[in-house]
Amino acid sequence: MATGYLYHEVFGWHDTGSSAGLFVSDPAAGVQPFVHFENAETKRRMHELIVISGLIDRLERIRPRHASEEEILRVHTREHLERIKAESRLPKGGDAGDGISPFGKGAYEIATLAAGGVITLVDAVVRGNVTNGYVLVRPPGHHAVAGNGMGLCIFGNLAIAVKHAREVLGVGRIAVLDWDVHHGNGTQSAFYDDPTVLTISLHQDNCFPPNSGGVGERGEGPGFGYALNVPLPPGTGDGGYLYAMSEVVVPALRRFRPELILVASGFDAGAMDPLGRQMVTSEGYRTMTRQLMDVADEVCDGRIVIAHEGGYNPIHVPYCGLAVVETLAGAEPFGDPLLPIMAGQGGGVLLPHQKSVVDQVAAFVADISVVTDVSA
Ligand code: 9RB
Ligand code: ZN
């Protein structure tokens, strides 16, 4: 069966304006404005590489629809939805909620298309039209919490799709793996007390949001044990990420036995990212995808939906994304000219301080069991 692929040109029209890296530009203080780091280019270039490489011919192109208000409200408050809608009508747009997440006019419609895009691919996978798929959406979603957006995220695209899978499609257990370099705090918070949704986040220790995603965040109430956080030290590359996959992610999925696996896929753990300080290569992302597919074949007939999040190096991100989508589709590698440059930089080796974090979280996996009462 085919691999689904979803991208829409209007995702590139979401306007985050200018900034100065992580700072607000301020000419009086000598801080010159620059194009915002979260802009269309990494995503547009990833899409164009998928076309130019010929991979597009192996994919089943899927068209997104907008998420409805009812679908957004399964995760977010009415106040948040109405505020975004109102600010989105203003000539200069507004902010998702934390004062550092600007959006231009019309962002509401683009954000609902992003959330609806993930829903569309989840529908296609659960109904059996495609085996798996990649949703190349923008704006991202994994930081948005119920009452506000943050970290450039407006609505929780994946959380909204999880609720859809549960409430409309009747999917029981769902796992969300987040390999973006930042903590998937929003997705985690939507299901923190829910033992039927396992959230696992591999991220750089204390990167963003501040003080979020420590190993001690494990869920609460009946959901205790069903949130896993692996805060990897700066400098972690393929060696540490693949060890986290094989010691935490794969065993956790084997114990939990999800019926559907979703991935929050940021490429900002990539070795050339301007925000992250990690060293993952396109081969690292390829192997992580392969590991996930192998366990998905065991537990859920291969059902995986991967949705785009961060990743800010316009040269490297397209090759990382291509590697993931090629793997999903069972296609041969097109090649990544950056790999030889990264080969000698050391990220391929697992170091003791990385291993000790992973081993700490691996000990929590035994607390996971197959939850059969999804109405709990
Ligand atoms: C600003 C600050 C950030 C930092 C990181 C992200 C991550 C995005 C992502 C978003 C915004 C702070 C602009 C702190 O890729 N998530 O997956 N902004 N950080 N202070 N100020 C002024
Ligand atoms: Zn990120």
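The values are calculated or read from the model by the stated rules, or taken from the named source; none is laboratory data. For clarity, every value in this text was computed on a predicted model and none was experimentally measured. Every residue, glycine as well, gets a Cβ built from its backbone with ideal geometry; the counts of neighbours run over all protein chains shown. SASA here: full protein model, heavy atoms, side chains in, ligands and nucleic acids out. Shrake-Rupley method; radii C 1.70, N 1.55, O 1.52, S 1.80 Å.
Calculated on C-alpha atoms, the gyration radius of segment 180-338 divided by its Kirkwood radius gives an Rg/Rh of 0.95. Going by accessible surface with a 1.4 Å probe and the largest first, 275, 292 read 275, 292. Surface calculation, 1.4 Å probe, protein heavy atoms: residue 238 sits at approximately 30 Å² accessible.
With a 1.4 Å probe rolled over the protein heavy atoms of all chains, the accessible area of 138, 63, 290, 218 falls in the order 63, 290, 218, 138, largest first.
Counted over the chain, the DSSP beta bridges are approximately 20% antiparallel. Shape descriptor for the chain: Rg over Rh equals 0.94 (Cα atoms; Rh from the Kirkwood inverse mean 1/r).
For the pair residue 353 and residue 369, label points projected 7 Å from Cα toward Cβ lie 3.9 nm apart.
Nearest 20 debye, what's the magnitude of the dipole of the chain about its Cα centre given +1 on Lys and Arg Cβ and -1 on Asp and Glu Cβ?
Working: 28 positive and 43 negative charges, 84 e Å.
My answer is approximately 400 debye.
Projecting each Cα onto the charge dipole of the chain (Lys/Arg +1, Asp/Glu -1 at the beta carbon, about the Cα centre), which of 2, 345, 227 comes out farthest on the positive side? Positive-most Cα among the choices belongs to 2. Between the alpha-carbon centers of segment 135-156 and segment 44-107, tell me the distance in whole angstrom. Comparing the Cα centres of segment 135-156 and segment 44-107, I get a distance of 8 Å. A probe of 1.4 angstrom, applied to the heavy atoms of all protein chains, finds residue 78 with accessible area near 110 square angstrom. For the residues 168, 24, a 1.4 Å probe over the protein chains yields an accessible-area ranking, largest first, of 24, 168.
Packing-wise, with mean Cβ within 10 Å as the measure, how do 152-160, 280-288 rank, highest first? Present the calculation step by step, with values, prior to reporting the outcome.
Values: 152-160: 30.1, 280-288: 24.4.
The most tightly packed comes first, giving 152-160, 280-288.
The residue among 103, 175, 164 whose Cα reaches farthest toward the positive pole of the charge dipole of segment 47-187, with charges on the beta-carbon of Lys, Arg, Asp and Glu, is 164.
Solvent-accessible area of residue 355, all protein chains in place: 80 Å² (probe radius 1.4 Å, heavy atoms, ligands and nucleic acids excluded).
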